[in-house]
Amino acid sequence: AEIDVLATTLNRMTDELNSRIDTMTRQHDEQNALLACMVESVIAVDAGKRVLKVNKSAQDLFHVDSAVLGRNVMEVIRNNELKDIIAATLAGSGVVEGDVCLPENGRYLRVHGTALNDAAGHRIGALIVLHDVTSLRKVDAMRRDFVANVSHELRTPITSIKGFAETLIDGGMADSEQSRNHLRIIARQADRLSAIIEDLLVLSRLEREDYRREVAMEETRM
């Protein structure tokens, strides 16, 4: 009878242990699946700067694989800016943010580092999330170039209109034929100025989300 009780107890303990292992395995698999599908690159390191986790996006970004687990992150990632952010995150208590450039592939990253704590709230490392903002940087550069080009395009007709108007004011009206010629030039430059402004208004409307929703869509023949 005692053996039966012991066997029953052992079986129950085995079932509970298997259930806990199954739960932990499922949670681990869910965590890995979540990290794998993230667009952002994620790196987790322990207090000794050894790599705990590195998702697929981070592996692709830094050209590494899962073999880096357990290695010092300073050996794995050769970027001084990112190393400084990781060190600051491990040393501090709040969120650390910074920008990192990867010259080898021309990418720009926005990095967020935060403390990694265990269930008891004890510091065990740092979690680093990297957002690829290369496209945003390119858009900003295009905007700056566009503004510079538009400023140049606007300056030409404005200068021309101002110059011919001042000529007329300073006595150019005496010659009627010359006056008409000046006025025709002013009119052409005004039309050019109006066209540039209209183009700017169209671009502004296209950028507005509500305008994009208002665009009527219909089927067309290919």
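Considering the range 121-139, and only residues there that are open to solvent by 70 Å² or more (accessible area, probe 1.4 Å) and modelled with pLDDT under 85, the residue that is nearest to K53 (Cα to Cα) turns out to be R123.
The single condition among (1) at pLDDT below 70; (2) part of a helix (DSSP H, G or I); (3) not acidic (D, E) that A216 does not satisfy is (2). Anything in the range 72-93 that is part of a loop (DSSP other than H, G, I, E, B), open to solvent by 20 Å² or more (accessible area, probe 1.4 Å) and touching a residue at least 12 places away in the same chain (Cβ under 8 Å)? List them, or say none. G92, S93, listed by residue number.
Residue-by-condition table, conditions (1) within 29 Å of V100 (Cα to Cα); (2) in a helix (DSSP H, G or I); (3) open to solvent by less than 90 Å² (accessible area, probe 1.4 Å); (4) among the aromatic types (F, W, Y):
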site	(1), (2), (3), (4)
A115	yes, no, yes, no
A119	no, no, no, no
M142	yes, yes, no, no
T156	no, yes, yes, no
T159	no, yes, yes, no
T167	no, yes, yes, no
N181	no, yes, yes, no
R184	no, yes, no, no
A190	no, yes, yes, no
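Name every residue in the range 100-130 that is more than 21 Å from V64 (Cα to Cα) and touching a residue at least 12 places away in the same chain (Cβ under 8 Å), in order of residue number.
Of everything in the range 100-130, those that are more than 21 Å from V64 (Cα to Cα) and touching a residue at least 12 places away in the same chain (Cβ under 8 Å) turn out to be T114, A115, L116, R123, I124.
Whether a residue is of a type in the set (D, E) and either under 30 Å from I85 (Cα atoms) or modelled with pLDDT under 75 (or both) was assessed, and D210 passes this test.
Restricting attention to the range 137-155 and to residues that are in contact (Cβ under 8 Å) with a residue 12 or more places away in the chain and not basic (K, R), the residue that is farthest from G106 (Cα to Cα) turns out to be L154. Every residue in the range 38-64 that is open to solvent by 30 Å² or more (accessible area, probe 1.4 Å) and either more than 19 Å from R107 (Cβ to Cβ) or in contact with a Lys or Arg (Cβ under 6 Å, 6 or more places away or on another chain) (or both), please. Scanning the range 38-64 gives A47, G48, K49, R50, L52, K53.
The values are calculated or read from the model by the stated rules, or taken from the named source; none is laboratory data. What you see is a predicted model, and the numbers here were worked out from it, not measured in a lab. Glycine also receives a Cβ, built like all others from the backbone with ideal geometry; neighbour counts cover every protein chain displayed. Please note that ligands, DNA and RNA were not included when accessible areas were found on the heavy atoms of the full protein model with its side chains. Shrake-Rupley method; radii C 1.70, N 1.55, O 1.52, S 1.80 Å.
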